[in-house]
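Report on the following structure.
The values are calculated or read from the model by the stated rules, or taken from the named source; none is laboratory data. Here the structure is a predicted model, which is why all the values come from computation and not from measurement. When we count neighbours, we look across all protein chains shown, and the Cβ atoms used for this are built from the backbone with ideal geometry, even at glycine.
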There are 2 protein chains.
Amino acid sequence: MKTYLIGDIAKKMNVTTDTLRYYDKEGLLPFAKRDEAGRRIFTEDDLGYVEVINCLKKSAVPVKKIGQFIEWCMQGDQTLEQRYDFMVKREAALERQIKELETQLAFLRWKKWYYARAKAAKTESVNFKPGTQRSDPALYDHYQKLHPASNKFIE
Amino acid sequence: MKTYLIGDIAKKMNVTTDTLRYYDKEGLLPFAKRDEAGRRIFTEDDLGYVEVINCLKKSAVPVKKIGQFIEWCMQGDQTLEQRYDFMVKREAALERQIKELETQLAFLRWKKWYYARAKAAKTESVNFKPGTQRSDPALYDHYQKLHPASNKFIE
DNA sequence: TTACTACTTGGAGTTAACTCCAAGTCAAGG
DNA sequence: CCTTGACTTGGAGTTAACTCCAAGTAGTAA
């Protein structure tokens, strides 16, 4: 059966071998066996775990929590409930995070428009509320009319 | 004119006053003046900067980069180009990040479905490719037919 | 007036996630 | 057979972003 060394996995995950050894120390790779030379070997089966670790990492799940999940995987069928609950919680957390980022994106786009307008006038003051140094609320209203909320999901 | 102390801003941003003093040390709050007692005072005008800092923080922009942006703000109209470019880059980065998270969310949902199925059977082995310990590719195909890609944007 | 907060500074400590290094082992290619 | 490169361990160092003192001052409410 095809096996992989730590460097192969590093390439797949786009991390360094040092990072993988750190993950191993933290309990993320208990499934890795060793060959006669003491080198970590990964099987085709292990790639499934690697994929999960990668996904959780990219979803900003802390290493310790990933370790907990992998530990459950090692314990077999008695932890199916925990693993399901884990996925439910992560799904909810990620949905929240994406919504949060959508909000920030909308703000960034308003600021981009704001600076485009200031740049065209060669002065930020065209955006100010008369007699102040801060953005005119009427300008934001105007922006919102020009840019009705997009990025709505198809349900 | 209405002014604010550090604690007021902390409440608005939902951070501690220690965190705000750390931000000040890092150059994020150069607009803050001091009262006779040496306390930082924030004006209505400053709230605009606070809002931007908050947005960039939530978008995972490092403190140093936020500091650079605020510095440009302090330099006036000669940096409008940089500030516009900054917003363009941040918009693109955030769009990329959201797309990445959408991908991970899709994976998490598949795994949730996978564990729901395993849980119902009281054993993960119902999901395995016969003769192996890993997920049957045919199962994933099946899942994809049941769950056609949603979360597409309205353009 | 007295107590109670909220603020000030400087600086030390913490945590997560790497990142790097030294010294050594092993295997495959020429 | 020898070199080269990939691996091994243990452990130290780094970075970002806080987080937590201690010691002191200043404004507010009873």
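Which residue is nearest to DNA strand C (Cβ to nearest atom), if the candidates are limited to the range A:50-92 and must be more than 9 Å from every other protein chain (Cβ to nearest Cβ) and touching a Leu at 6+ places or on another chain (Cβ under 8 Å)?
Here the answer is A:V63.
If I filter the range B:113-128 for residues that are under 25 Å from A:Q82 (Cα atoms), part of a strand (DSSP E or B), facing chain A (nearest Cβ under 9 Å) and of a type outside the set (K, R), do I get at least one hit?
The initial filter retains those residues of the range B:113-128 that are under 25 Å from A:Q82 (Cα atoms), namely B:113-128.
Next, from what is left, pick out any that are part of a strand (DSSP E or B): B:128.
This time we only want the ones that are facing chain A (nearest Cβ under 9 Å), so: none.
For the range B:113-128, residues under 25 Å from A:Q82 (Cα atoms), part of a strand (DSSP E or B), facing chain A (nearest Cβ under 9 Å) and of a type outside the set (K, R): absent.
Got a number for residues in the range A:7-23 being touching a residue at least 12 places away in the same chain (Cβ under 8 Å) and either away from DNA strand D (no atom under 11 Å from the Cβ) or outside the structural domain of A:G76 (by TED's automatic domain parsing) (or both)?
Just the residues of the range A:7-23 that are touching a residue at least 12 places away in the same chain (Cβ under 8 Å), to begin with: A:8-9, A:12-13, A:20-21, A:23.
Right, trim to either away from DNA strand D (no atom under 11 Å from the Cβ) or outside the structural domain of A:G76 (by TED's automatic domain parsing) (or both) and you get A:12-13, A:23.
Final tally of qualifying residues: 3.
Identify the residue in the range B:1-28 that is buried (at least 17 other Cβ atoms within 10 Å of the Cβ) and within 10 Å of DNA strand C (Cβ to nearest atom) and, among all such residues, is farthest from the chain's Cα centre (by Cα).
B:Y4
I'm checking my understanding of the structure. Among residues of the range B:49-84 that are in contact with a helix residue (DSSP H, G or I) (Cβ under 7 Å, 6 or more places away or on another chain) and in a loop (DSSP other than H, G, I, E, B), which one is nearest to B:E100 (Cα to Cα)?
By that ranking, first place goes to B:S59.
Does A:E26 fit the bill of being in contact (Cβ under 8 Å) with a residue 40 or more places away in the chain, away from every other protein chain (no Cβ under 14 Å) and within 14 Å of DNA strand D (Cβ to nearest atom)?
Working: in contact (Cβ under 8 Å) with a residue 40 or more places away in the chain: yes; away from every other protein chain (no Cβ under 14 Å): yes; within 14 Å of DNA strand D (Cβ to nearest atom): yes.
For A:E26, the condition - in contact (Cβ under 8 Å) with a residue 40 or more places away in the chain, away from every other protein chain (no Cβ under 14 Å) and within 14 Å of DNA strand D (Cβ to nearest atom) - is met.
Which members of the range B:29-57 meet the condition of being of a type outside the set (K, R), over 21 Å from A:K112 (Cβ atoms), out of contact with any strand residue (DSSP E or B) (no Cβ under 8 Å at 6 or more places or on another chain) and within 11 Å of DNA strand D (Cβ to nearest atom)?
B:E36, B:A37, B:G38
List the residue pairs whose Cβ atoms are under 8 Å apart, where the first residue sits in the range B:34-55 and is more than 18 Å from B:Y22 (Cα to Cα) and β-branched (V, I, T), the second is modelled with pLDDT under 95 and within 16 Å of DNA strand C (Cβ to nearest atom), and the two are 6 or more positions apart or on different chains.
Listed by first residue and then by second, the contacts come to B:T43/B:K2.
A quick yes/no check of all residues on (1) part of a helix (DSSP H, G or I); (2) of a type outside the set (A, V, I, L, M); (3) modelled with pLDDT under 95:
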{"site": "B:G7", "(1), (2), (3)": "yes, yes, no"}
{"site": "B:K12", "(1), (2), (3)": "yes, yes, no"}
{"site": "B:V15", "(1), (2), (3)": "no, no, no"}
{"site": "B:R21", "(1), (2), (3)": "yes, yes, no"}
{"site": "B:D24", "(1), (2), (3)": "yes, yes, no"}
{"site": "B:P30", "(1), (2), (3)": "no, yes, no"}
{"site": "B:G38", "(1), (2), (3)": "no, yes, no"}
{"site": "B:I41", "(1), (2), (3)": "no, no, no"}
{"site": "B:L47", "(1), (2), (3)": "yes, no, no"}
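Among (1) in contact (Cβ under 8 Å) with a residue 40 or more places away in the chain; (2) in a helix (DSSP H, G or I), where does B:A149 come up short?
Status for B:A149: all satisfied but (2).
Taking into account only those residues within the range B:46-80 that are closer than 19 Å to A:F128 by Cβ and of a type in the set (D, E, K, R), which is surrounded by the most Cβ atoms within 10 Å (Cβ to Cβ)?
B:D46
Of everything in the range A:99-108 that's within 11 Å of B:E95 (Cα to Cα) and surrounded by fewer than 18 Cβ atoms within 10 Å (Cβ to Cβ), which residue is nearest to the chain's Cα centre (by Cα)?
Per the criteria, the residue is A:E102.
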